[in-house]
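The values are calculated or read from the model by the stated rules, or taken from the named source; none is laboratory data. Keep in mind the model is a prediction, meaning the values are calculated, not measured. Methodologically, a virtual Cβ is constructed for each residue, glycine included, from the backbone with ideal geometry; neighbour enumeration extends over all protein chains shown.
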Amino acid sequence: MDARTKIVATLGPASEPVAVLDAMLSEGVDVVRLNLSHGTLESHLERLRLVREAATRLGQVVAVLADLPGPKVRAGLLPEGVTLLAAGTTIRLVPGIGPSTADVLAVDYPTLLDDLHVQDRVVIGDGAISLEVQSIDAVGATVVVLTGGQTQGCPGVHLPSERLRLTAPTAEDLEMAKVMAAQGVDFLAVSFVRAAEDLRRVRAAVAPLTVRLVAKIETLQAVDALAEIAAEADAIMVARGDLGIECPLEDVPHLQKRIIRHCVEMGVPVITATQMMESMITAPAPTRAEVSDVANAVFDGTDALMLSAETAIGVDPVAVVKAMVRVAERAEEEASYTQWGRRLARVQRQQWPDGPHRITMAITHAAGLAAVDAGASAILCCTRSGRTAQAMARFRPTPRLLGLSPDPATVRALALSWGVTPLQTGTYSSTDDLVWFAVETAVQGGYIHPGEIVLVLAGAPDRPSGASTDVLRIVSVS
């Protein structure tokens, strides 16, 4: 597919049949998400195997993202069937693990009455049902149903996060992280991140293994600590579901733009998630509002768009992927990437970082200008860590962007970065060999052709991993 915005799709019962998975990948899925909140760990390990086999079968680079559950507060089991919580009615919340009714919800959170305040907003399930605390006594809290709806099972209970005593990542998260890292997933998404330290705890838990971490921004605390979290994370997810519960809904689009803008400026891949084509869980086509939402995320500059239940349990996962790719491709035709690059250059000059990243940022800026002046058809980024390609992608260049690495894990990880076509290459001892074989690999793959001008970016091969990108060559392909 030609979309430069990457597609993340969640694997589930609807999409794990081999024919469906193959079709989804062929239609444009770059990253497959495993939602560890549902199903057993063994079932997700089997899905990881299915994705790896499908990628090999199709000759396609596909990354796998395992999404850790994070802390969850749930209500006790409701009566069988659907329970209606009607707007305007008054019910009770009591701490405990017993059963719930339409009048009394047991909440599995021991310090519930200490942490709730009068006028707090409590949300049930996915946000459709909201409650307001009216009073609190020694036994429970009396709440009024502001927005009613139907619920069932053991729905989640969303309490004010600034007072929530649950820690993230949880002990269960850390155990899952160890298993998934050992099995070679490319990304771990950490839920309910509130500070960079939450990510460092996951890194410490999986050591000496390494795995790239995606910080899910779903609390106002995370928004406030965005710069610190983005500096520690390998990617960011704008998790609009819980974020829309944490803050007024009208704030969500503005927070989305702010988060994406910061991530692109820093060269940190960013995923926009939640309800992007929600209606296609059951419908054959997206709503007009959903199409506009996807397009606007592209205009914002997001690296990737994510599908959740749409592909996990939807009626036609392949149709959803096709629809999202079409919308992304059309939006990219109108996106102001040139203007974005100019703005980024101004921001960069005002916020030069210290250390080797400053050189990488400077040379990628120069490469963007040189590509235009030379009429280059492609920019080849030779990278061990992926940082060079990510830094170049910040400028959203018009020429094709190739990320070449000898490390298979880096190649797969680049599947998440905007516009980057990941390619496997060898390890070379000299800059001349590095440049020569990068061009040769791109020609053999059909990405560039004789007579074209291309740029090659690299760090000198004899420099340690993590050193700055300090080589820029303009090559006439012969």
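Just one of the listed residues (P99, P69, P79) is under 17 Å from V185 (Cα atoms) and assigned to a loop (DSSP other than H, G, I, E, B), and it is P69.
In the set (1) touching a residue at least 12 places away in the same chain (Cβ under 8 Å); (2) in contact with a helix residue (DSSP H, G or I) (Cβ under 9 Å, 6 or more places away or on another chain), the condition left unmet by T431 is number (2).
Residues that are farther than 24 Å from A227 by Cβ and modelled with pLDDT under 95 number at least 1 in the following strands (runs of 3 or more DSSP E) confined to the range 121-208: 121-124, 129-136, 141-147, 149-151. Can you tell me which of R74, R92, R33 is among the basic types (K, R), touching a residue at least 40 places away in the same chain (Cβ under 8 Å) and touching a Cys at 6+ places or on another chain (Cβ under 6 Å)? Checking each option against the conditions leaves just R74. Quick check: anything in the range 222-237 touching a residue at least 60 places away in the same chain (Cβ under 8 Å) and assigned to a strand (DSSP E or B)? Yes.
Filtered by the rule that a residue be within 25 Å of G426 (Cα to Cα) and either of a type outside the set (G, A, S) or outside the structural domain of A345 (by TED's automatic domain parsing) (or both), the range 362-391 gives I363, T364, I379, L380, C381, C382, T383, R384, R387, T388, Q390. Taken over the range 301-353, the residue count meeting the criterion of being assigned to a loop (DSSP other than H, G, I, E, B) and under 30 Å from T282 (Cβ atoms) is 7. Of the numbered criteria (1) touching a His at 6+ places or on another chain (Cβ under 9 Å); (2) in the same structural domain as A225 (by TED's automatic domain parsing), the one D316 fails is (1). Looking across L34, L25, one residue alone is part of a helix (DSSP H, G or I), under 21 Å from the mean Cα position of the chain (by Cα) and either in the same structural domain as A189 (by TED's automatic domain parsing) or under 19 Å from A309 (Cα atoms) (or both). It is L25. Just one of the listed residues (S429, S417) is more than 21 Å from A345 (Cα to Cα) and touching an Asp or Glu at 6+ places or on another chain (Cβ under 9 Å), namely S429.
Just one residue in the set M276, M306, M361, M280 is farther than 26 Å from A66 by Cβ and not hydroxyl-bearing (S, T, Y); that residue is M361.
Taken as a whole, the condition of being within 23 Å of A413 (Cβ to Cβ), touching a residue at least 60 places away in the same chain (Cβ under 8 Å) and surrounded by 18 or more Cβ atoms within 10 Å (Cβ to Cβ) does not apply to V51. When E265, E290 are checked against the criterion of being more than 24 Å from R394 (Cβ to Cβ), among the acidic types (D, E) and part of a helix (DSSP H, G or I), E290 stands alone in meeting it.
Could you tell me whether A87 is exposed (fewer than 15 other Cβ atoms within 10 Å of the Cβ) and of a type in the set (A, V, I, L, M, F, W, C)? Even if it seems obvious, please write down each step before you answer.
Working: exposed (fewer than 15 other Cβ atoms within 10 Å of the Cβ): yes; of a type in the set (A, V, I, L, M, F, W, C): yes.
So A87 fits the description; yes.
Looking at the range 426-443, is at least one residue in a strand (DSSP E or B), in the same structural domain as L472 (by TED's automatic domain parsing) and surrounded by 18 or more Cβ atoms within 10 Å (Cβ to Cβ)? Within the range 426-443, none of the residues are in a strand (DSSP E or B), in the same structural domain as L472 (by TED's automatic domain parsing) and surrounded by 18 or more Cβ atoms within 10 Å (Cβ to Cβ).
Residues being of a type in the set (G, A, S) and under 29 Å from R346 (Cβ atoms): count how many of those fall in the range 239-291. Final tally of qualifying residues: 1.
Residues are listed down the side, and each one gets a yes or a no for (1) of a type in the set (V, I, T); (2) without any contact (Cβ under 8 Å) to a residue 24 or more places away in the chain; (3) in contact with a strand residue (DSSP E or B) (Cβ under 9 Å, 6 or more places away or on another chain):
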site: V291; (1), (2), (3): yes, no, no
site: A295; (1), (2), (3): no, no, no
site: T302; (1), (2), (3): yes, no, yes
site: S308; (1), (2), (3): no, no, yes
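Residues in the range 212-236 that are closer than 29 Å to R47 by Cα and at pLDDT below 95: E218 only.
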